[in-house]
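Encoded as structure tokens, the structure appears first; notes follow it.
Each reported figure results from applying straightforward, stated rules to the coordinates on display, with no laboratory input. None of these values were measured; they are calculated from a predicted model.
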Amino acid sequence: MLLAFFMVFAACTAQEPKVQAVHGQVRKMAITGEIAKGYRDNGYIIRGQVPAMICTILNPDPKILDEFVKTEKIVHLEVRIVSGDNVEI
């Protein structure tokens, strides 16, 4: 019984997460999707297709992003993950 516990524990700890959070290191990710207006405020979001997720843009520049919102073009972005689904472009 004890041996089985240690085998399961070792298997769980051997798996690495897909996005590693290393202290002091910037986590980046590529997203392909559409830029849109936020739901509740005047912010902007990325409706990601690859990966399929919605991210909030924390540092929007309306002069640049409004054009992408109007055209509804699919764009490829390299983003910096701030926390959770909050990103900076």
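Quick notes on this one:
- One decimal place: the segment ARG40-VAL26 gains 2.2 nm when fully extended, by the rule 0.36 nm per residue minus the C-alpha distance.
- Cα-based reach from LYS73 at 15 Å (exclusive), listing aspartates and glutamates while leaving out same-chain residues under 8 positions away: GLU34
- Distant-in-sequence amide contacts of MET53, defined by a placed amide H-H separation under 5 Å and a gap of 5 or more residues or a different chain, comprise GLY48.
- Computed with the Debye formula from one identical point scatterer per Cα of the range 22-88, without solvent, the log10 of I(q)/I(0) at q = 0.11, 0.14, 0.17, 0.24 Å⁻¹ comes to -0.24, -0.38, -0.56, -1.06.
- Only beta bridges with both residues in the range 22-88 are counted; by DSSP, about 90 percent of them are antiparallel.
- Compared with the direct C-alpha span, the chain from ASP85 to LEU58 gains 8.7 nm at full extension, assuming 0.36 nm per residue.
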